[in-house]
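The values are calculated or read from the model by the stated rules, or taken from the named source; none is laboratory data. Computed from a prediction, not measured in an experiment: that's the story for all the values here. Heads up, the Cβs are rebuilt from the backbone with ideal geometry, glycines too, and the neighbour counts pull from every protein chain shown. Remember, those area values only see protein heavy atoms, side chains included, never the ligands or the DNA or RNA. Shrake-Rupley method; radii C 1.70, N 1.55, O 1.52, S 1.80 Å.
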Amino acid sequence: MSGALVMWMAAGFAMLEAGLVRSKNTVEILTKNVALYSIACIMYMIVGYNIMYGDGNGVIPGLKLFLGADNTVDAVLKSGGDTYYSGMSDFFFQVVFVATAMSIVSGAVAERMKLWAFLAFAVVMTGFIYPVQGYWKWGGGFLDGLGFLDFAGSGVVHLCGASAALAGVLLLGARKGKYVNGKIHAIPGANLPMATLGTFILWLGWFGFNGGSELKISNIEEANAVSMVFVNTNTAAAGGLVAALLFSRAWFGKADLTMALNGALAGLVAITAEPLTPTPLVATIVGAIGGLIVVAAIVFIDKAKIDDPVGAISVHGVVGIWGLIAVAFTNPEGSLFAQLIGIGVIFAWVFGTSFVVWLALKAVMGIRVSEEEELEGCDISECGLDAYPEFTKD
């Protein structure tokens, strides 16, 4: 059930991104979202899951293709309680996390990346890049042994996705008209009601994301833990939204809806690294700090002429780092040194490998649509459809 909630986050990303791009790019961004989810499911089934949770030496994971048989009754009984859920249920729960990481990339490269270049990258990202760093933490690799803590994926999922997105954006360049003569020109999204709906869907899905990561609910202690995770997840999002709304009002003189939406998501990303040990008040503060950080990060990244149409790098990358650092102060077992090592390793691996893959795709097939196609919109050039045909000329 938690996996199903996280799968529903795919709809949230699709609505959020479709709302924050221009109408002429709506069909293409929706195509990317439904296709990347499907690619993630297939690649993780073929190879990714076994890389992440197979054998290895702590640094180099093992390699085995396809899923094996599920746990038998004898295997469960002989495990002494160590095996307490279906292997297939674990695969399903983990595969929707992979799709979440890849969804982060689609928004950052929106409105100017070739569809098929993006989907080719999705194959490598979901089948290889993401599983390797996931193995280092959740598969029992060296980051886990070092004491790096990441309960539900502020680093393994969110920083991972943002690092891949940053590599792509740097090679891709900004949208035409975004930065002209040293000035920043805002390019508003086409449908803020849709973006708001997407945020609410993501907020709902996050209860499965964080709550399901407890992996058990069959006794009082675990049921109480999942309940605490739910409360902290919810209150961190609320804190992030309120903080971002107040900060944007103080900074810009207006209550910026897009900043508020990203503030909620920032609160969710921030608490994901450790949603169990803080009190609800502390979780609210962690989320609120994430909300403040994301507003400043979006502005700073824009001034650095890094064009991210939906603020994905700020929300999932910058705030993902904050969430991992916060663990050192909210979990008695947390170590700031271990958290910083984990941040550095995840960023270096994902950014470095992604940059090489994006570079190879750029050389082989190109990653950016032509200037004429960008002006017309990727919907027509990439998909041959208009999202809103009633507004087009005959």
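Under a point-charge model restricted to the Cβ atoms of Lys and Arg (+1) and Asp and Glu (-1), what is the dipole moment magnitude of the chain relative to its Cα centre, in debye to the nearest 20?
880 debye
Over the chain, what relative contact order in percent results from Cα pairs under 8 Å that are six or more residues apart?
It comes to 26 percent, rounded to a whole number.
By its C-alpha gyration tensor, with a ≥ b ≥ c as the square roots of the eigenvalues, how is segment 212-300 shaped: rounded for a/c under 1.5, else prolate for a/b larger than b/c, else oblate?
It is prolate, given that a/c is not under 1.5 and a/b is the larger ratio.
Once you charge only the Cβ atoms, +1 for Lys and Arg and -1 for Asp and Glu, what is the size of the charge dipole of segment 250-394 about its Cα centre, to the nearest 20 debye?
Dipole magnitude for segment 250-394 comes out near 820 debye.
What are the extents of the Cα atoms of segment 111-166 along their three principal axes, in Å, largest first?
Reported extents, whole Å, longest axis first: 40, 18, 15.
With an 8 Å Cα cut-off and a minimum separation of 6 or more residues, compute the relative contact order for segment 159-304 in percent.
Computed over segment 159-304, the figure is 23 percent.
Once you order the gyration tensor axes a ≥ b ≥ c over the Cα atoms, which shape class does segment 308-378 get: rounded for a/c under 1.5, otherwise prolate or oblate by comparing a/b with b/c?
oblate
So what's the back-of-envelope 222 nm ellipticity for the chain, counting only DSSP H runs of four-plus at -39500 (n - 2.57) apiece and dividing by all residues, rounded to 500?
When only DSSP H runs of four or more count, the value is -20500 deg cm²/dmol.
Please work out the average accessible area per residue across the chain, using the 1.4 Å probe convention, and give it in Å².
Roughly 41 Å² per residue, with all protein chains present.
Hey, could you grab the Kirkwood Rh for segment 1-128? Inverse mean 1/r over distinct alpha carbon pairs, Å, one decimal.
About 16.0 Å for segment 1-128.
So if we plug the beta-carbon distance of A304 and S89 into 1/(1 + (r/R0)^6) with R0 = 45 Å, what FRET efficiency do we get, rounded to 0.05?
Computed FRET efficiency for A304 and S89: 0.60.
Provide the packing ranking of 142-148, 302-308, 7-13, i.e. peptides ordered by the mean count of other C-beta atoms within 10 Å per residue, highest first.
7-13, 142-148, 302-308
Using label points projected 7 Å from each Cα along Cα→Cβ, tell me how many nm separate K64 and V34, to one decimal.
3.5 nm
Would you be so kind as to identify which of V95, I187, W203 lies farthest towards the positive end of the dipole of segment 79-220, taking Lys and Arg as +1 and Asp and Glu as -1 on Cβ and the Cα centre as origin?
Towards the positive end, the residue furthest out is I187.
Quick check: residue separation of S79 and E222 times 0.36 nm, minus the Cα distance between them. What number comes out in nm?
Gain on stretching S79 to E222: 49.5 nm.
Once each part is reduced to its C-alpha centroid, what is the distance from segment 33-61 to segment 341-370 in angstrom?
That distance is 18 Å.
Return the label of the correct value of Cα extents along the principal axes in Å, as calculated from the structure shown, out of [x] 68, 47, 39; [y] 59, 54, 35; [z] 64, 57, 39.
Only one listed value fits the structure, namely [x].
For segment 74-180, what does the relative contact order come out to in percent, with C-alpha contacts under 8 Å and a separation of six or more?
Relative contact order comes out at 36 percent.
Name the residue farthest towards the positive end of the dipole of the chain from the options A255, I129, G80, assuming +1 on Cβ of Lys and Arg, -1 on Cβ of Asp and Glu, about the Cα centre.
A255
Of all accessible surface on the chain at a 1.4 Å probe, what whole percent is carbon and sulfur?
That share works out to 68 percent.
For the pairs K24/K303; K24/K178; K32/K303; K114/K362; K64/K216; K64/K362, note any where the Cα-Cα span goes beyond 22 Å.
Long pairs (Cα-Cα over 22 Å): K24/K303; K32/K303; K64/K216; K64/K362.
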